[in-house]
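Scroll down for the structure; my scribbles are underneath it.
The values are calculated or read from the model by the stated rules, or taken from the named source; none is laboratory data. All figures in this text were calculated on a predicted structure; none of them were measured in a lab. Heads up, the Cβs are rebuilt from the backbone with ideal geometry, glycines too, and the neighbour counts pull from every protein chain shown. Please note that ligands, DNA and RNA were not included when accessible areas were found on the heavy atoms of the full protein model with its side chains. Shrake-Rupley method; radii C 1.70, N 1.55, O 1.52, S 1.80 Å.
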Amino acid sequence: MKKLLAILFSVLMLCALMSFTTVAAADEPTIVLSIVDELEEVNAGDEFQVEVNLENLDGTAGLIGALVEIGYDHDVFELVTYFDEDEEMWMPSIEVGSKYNATSNKYITFGPIDEETGASKNCLVNYVRGTATANQVRKEAHFYTATFRVKEDAVSGTYDLYVNPDSYNPKNFALYGGGYTEMAIANTSIKVNGSEPTPPECEHEY
C-alpha cells in the first residue's frame, strides 16, 4: 500500500510540474510561425503565406530591433519576388507589420536577392530602430508575412518552415533602454502534394 501511495504521489507531482511548465512557457516571449488561412496542404505551383508573430512581449521593455529568418527546403519552396519598377530592383513579397514599419521603410532590411534572376536564398527581415522613443517601441505581435511558392518538381511530403537556427541569436532582439531578450520558438509545417519520387530500379535478374 505504501509503495502504491508513493507511486501515486510521484505521478501527481510530475503532472503538477508539467502543468506549471506549460503555463510558464506560454508567457515566454515567443517567435510564432504559422500558415496564413490555416492551410494544411498545397499543390505544386501553389503560393501560400507564412506569418511571423512576436508574441508575449508585454513583459518586456519593448523591442527596438528584431531579426527573424524563415528556414525552408529550397528543393521544395521558393520565396516569391517581383521587380519593382520604381525602385528598379527585385523585391520580396513580404508585408511588414504596421507597427514595425510605421515611419519609414529604411528601418527594414531584407535578405539579399539575385539582381538578374530575382532568386533569393533566404527569407530574412531585420527591424532596426536604435533611435526609438518610449512611444515607438514595439510590442505588436505581427512582425511580417512572406509569400512562398511550391516548386513544380517538388516531391510530395510534409515539410517544416522554421526559424533558421543558423541566424537566431538572443542579441537579434534588442530591448528599449538596453539589453536583449531570449525568444522561444514555435515552428510550423505544411503538406505538399507534388511529384512522386521515382522508385529505385530493381536489381534482381530473373
Taking the conditions exactly as written (over 21 Å from the mean Cα position of the chain (by Cα), modelled with pLDDT under 80 and open to solvent by 30 Å² or more (accessible area, probe 1.4 Å)), does residue 102 satisfy them or not? yes
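State all residues of segment 171-188 that are under 15 Å from the mean Cα position of the chain (by Cα), open to solvent by less than 50 Å² (accessible area, probe 1.4 Å) and over 9 Å from residue 63 (Cα atoms); if no residue qualifies, say none.
Step one: of segment 171-188, the residues under 15 Å from the mean Cα position of the chain (by Cα) are 172-173, 183-188.
Checking the rest, the ones that are also open to solvent by less than 50 Å² (accessible area, probe 1.4 Å) come to 172-173, 183-184, 186, 188.
172, 183, 184, 186, 188, listed by residue number.
From the list 89, 18, which residue is under 27 Å from residue 150 (Cβ atoms), at pLDDT below 90, out of contact with any strand residue (DSSP E or B) (no Cβ under 6 Å at 6 or more places or on another chain) and not small (Gly, Ala, Ser)?
Details: 18 fails: under 27 Å from residue 150 (Cβ atoms).
The conditions single out 89.
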Any chance you could count how many residues in segment 40-59 are more than 27 Å from residue 137 (Cα to Cα) and either part of a strand (DSSP E or B) or open to solvent by less than 70 Å² (accessible area, probe 1.4 Å) (or both)? 8
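Before we move on, is residue 75 in contact (Cβ under 8 Å) with a residue 40 or more places away in the chain and not β-branched (Val, Ile, Thr)? Step through it out loud before you land on a result.
Numbers: in contact (Cβ under 8 Å) with a residue 40 or more places away in the chain: yes; not β-branched (Val, Ile, Thr): yes.
Judged against the criteria, residue 75 is a match.
What number of residues within segment 141-192 are polar (S, T, N, Q) and out of contact with any Leu (no Cβ under 9 Å at 6 or more places or on another chain)? Explain how you work it out, then say what you get.
Step one: of segment 141-192, the residues polar (S, T, N, Q) are 145, 147, 156, 158, 164, 167, 169, 172, 181, 187-189.
Next, from what is left, pick out any that are out of contact with any Leu (no Cβ under 9 Å at 6 or more places or on another chain): 145, 156, 158.
Of the residues in that region, 3 qualify.
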When every residue in segment 121-152 that is of a type in the set (Gly, Ala, Ser) and part of a loop (DSSP other than H, G, I, E, B) is compared, the one least open to solvent (accessible area, probe 1.4 Å) is 132
